[in-house]
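Each remark here refers to the structure printed beneath this line.
The values are calculated or read from the model by the stated rules, or taken from the named source; none is laboratory data. For clarity, every value in this text was computed on a predicted model and none was experimentally measured. For neighbour counting, all protein chains shown are included, and Cβ atoms are generated from backbone atoms with ideal geometry for every residue, glycine included. Heavy atoms of the whole protein, side chains included, go into the accessibility calculation; ligands, DNA and RNA do not. Shrake-Rupley method; radii C 1.70, N 1.55, O 1.52, S 1.80 Å.
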Amino acid sequence: MIIIENKNLQTKPTDYKQLGFGKVFTDYMIMSKYQDGKWQEIVIQPFQNLSLHPAATCLHYAQEVFEGLKAYRGDDGVIRLFRHRDNIKRLNESCRRMCIPEVDEDALEKAIIEIIKLEASWIFEDEDTALYIRPAIFGTGNELGVHPSKEYILCVILSPVAKYYQNKEDYVKIKIEEHFHRVGKLGTGTAKTGGNYASSLLSSVIAEEEGFDQVCWLDAETSKYIEEVGSMNIFFVIKGVLITPMLNTSILDGITRRSIITLAKQMGISVEERKVSIDEVFAAAQCGELTEVFGSGTAAVISKVGMLKKAEQEIILPRLKDGVADILLSQLKGIQYGRIHEDYGWITTIQE
Ligand SMILES: *Cc1c(COP(=O)(O)O)cnc(C)c1O
């Protein structure tokens, strides 16, 4: 690994709460190129623009994968990375689906830990902030024929972030999407790839115009079963049981989702991973059995849903305090910020 010093460091923002999500970037980035059939040595270099050939495969055919993980600074001042090995592993799984050459997981892990040490002063001691780490790999070869690219760039950029849903209430409004699907049944839904997001934009723009925060996707085959919401997995509490759609060939296997399932079971909450139909959810709401709905993802952690709407039908969720979502959120954050000990090996502390 090569480190190139940045002699022009930015002044850091003082108002952490106003950081938003992914708007400010730190002084360094990780960079590696795939050329001549292999990944070249990783470089940590000053944050900078990239120069690409106008025919680069990623620009025309969306050959791209990405990841999202966070480092947190606890009340004790210590920096903690959460389940980063899972993210690196998933990055390679996405690579396989998108015909991108896999990266050396150990080398990428080392580089991520090294850049966090370099950028430690960007991780603020504030419960609502974290350092969001965004690895991405994209085809940069310069041929217009439709083939996997022969060249790639791996870059990792870092962004200090505050709450994902800023200036909004604590609850999100969700529209059940009946006119579009996120991905096909045997499509690319299990890969974290930009194209899945490109195809979701129109739907979210329309939903936002209608006053919603996110859309809830239904399965592409029957439009009956719930898949996930926007960039989050989804959970329902029905008669005290925590229910989430089981993984299939189109749902993204979220690391926050996995963590929630593990923590809920540990806390004695019954968990069911199974097919969840939209009719079941509306029926449970009608007879008062649906008490909570929430989304899970690295960016938003746990987002409670206040309203779910499908055509003319609307569910308004009770605004429970200390419900299942709150209990799991405080457990998860407790682990991430170092207040609660865990034995799963999820936390890696970073020595500054
Ligand atoms: C990243 C992502 C999630 C959440 O995954 P985490 O690992 O929990 O961050 C859920 N759905 C989609 C479509 C995603 O891209």
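Taking the range 247-262 as the search range and keeping residues that are closer than 21 Å to Leu332 by Cα and surrounded by fewer than 22 Cβ atoms within 10 Å (Cβ to Cβ), which one is nearest to the ligand (Cβ to nearest atom)?
Thr256
Contact list please: Cβ distance under 8 Å, first residue in the range 52-77 and under 19 Å from Gly194 (Cα atoms), second residue surrounded by 16 or more Cβ atoms within 10 Å (Cβ to Cβ) and at pLDDT below 95, pairs at least six apart or on different chains.
Gly68/Ala299
Given the criterion under 28 Å from Leu81 (Cβ atoms), in contact with a Phe, Trp or Tyr (Cβ under 9 Å, 6 or more places away or on another chain) and either open to solvent by 10 Å² or more (accessible area, probe 1.4 Å) or assigned by TED's automatic domain parsing to the domain that holds Asp213 (or both), identify the matching residue among Arg134, Arg182, Arg96. Talk me through it step by step, then tell me what you get.
On the way: Arg182 fails: under 28 Å from Leu81 (Cβ atoms); Arg96 fails: in contact with a Phe, Trp or Tyr (Cβ under 9 Å, 6 or more places away or on another chain).
Of Arg134, Arg182, Arg96, the one residue that is under 28 Å from Leu81 (Cβ atoms), in contact with a Phe, Trp or Tyr (Cβ under 9 Å, 6 or more places away or on another chain) and either open to solvent by 10 Å² or more (accessible area, probe 1.4 Å) or assigned by TED's automatic domain parsing to the domain that holds Asp213 (or both) is Arg134.
Name every residue in the range 315-335 that is modelled with pLDDT of 95 or more and acidic (Asp, Glu), in order of residue number.
Of everything in the range 315-335, just one residue is modelled with pLDDT of 95 or more and acidic (Asp, Glu), namely Asp326.
Condition first: assigned to a helix (DSSP H, G or I) and open to solvent by less than 20 Å² (accessible area, probe 1.4 Å). Now tell me which residues in the range 283-295 satisfy that.
Ala284
Looking at (1) within 9 Å of the ligand (Cβ to nearest atom); (2) modelled with pLDDT of 95 or more; (3) closer than 27 Å to Leu320 by Cβ; (4) not aliphatic (A, V, I, L, M), can you tell me which one Gly189 breaks?
With (1) within 9 Å of the ligand (Cβ to nearest atom); (2) modelled with pLDDT of 95 or more; (3) closer than 27 Å to Leu320 by Cβ; (4) not aliphatic (A, V, I, L, M) applied to Gly189, the lone miss is (3).
Being at pLDDT 95 or above, acidic (Asp, Glu), more than 25 Å from Asp253 (Cα to Cα) and open to solvent by less than 50 Å² (accessible area, probe 1.4 Å) narrows it down to one of Glu114, Glu119, so name that one. Lay out the reasoning, then the answer.
Working: Glu114 fails: open to solvent by less than 50 Å² (accessible area, probe 1.4 Å).
Unique residue meeting the criteria: Glu119.
Looking at the structure I just gave you, is Tyr152 away from the ligand (no atom under 16 Å from the Cβ) and in contact (Cβ under 8 Å) with a residue 60 or more places away in the chain? Before you say what the answer is, go through the steps one by one.
Details: away from the ligand (no atom under 16 Å from the Cβ): yes; in contact (Cβ under 8 Å) with a residue 60 or more places away in the chain: yes.
Yes; evaluated as a whole, the condition is true for this residue.
Check whether at least one residue in the range 316-337 is assigned to a strand (DSSP E or B), surrounded by fewer than 18 Cβ atoms within 10 Å (Cβ to Cβ), touching a residue at least 12 places away in the same chain (Cβ under 8 Å) and not charged (D, E, K, R), and report yes or no.
No.
Please go through the range 207-229 and pick out each residue that is open to solvent by 20 Å² or more (accessible area, probe 1.4 Å) and closer than 14 Å to His181 by Cβ.
Ala220, Glu221, Thr222, Ser223, Lys224, Tyr225
State which residue is surrounded by the most Cβ atoms within 10 Å (Cβ to Cβ) when the search covers only the range 230-241 and only residues that are within 14 Å of the ligand (Cβ to nearest atom) and part of a strand (DSSP E or B).
Ile234
Quick one: in the range 54-72, which of the residues that are open to solvent by less than 40 Å² (accessible area, probe 1.4 Å) and in a loop (DSSP other than H, G, I, E, B) is nearest to the ligand (Cβ to nearest atom)?
Top of the filtered list is Gly68.
Name the one entry in Arg90, Arg85 that is open to solvent by 30 Å² or more (accessible area, probe 1.4 Å) and at pLDDT 95 or above.
Arg85
Can you tell me which condition Arg134 does not meet? The list is (1) part of a strand (DSSP E or B); (2) more than 21 Å from the chain's Cα centre (by Cα), and all the others hold.
Result: Arg134 fails condition (2) only.
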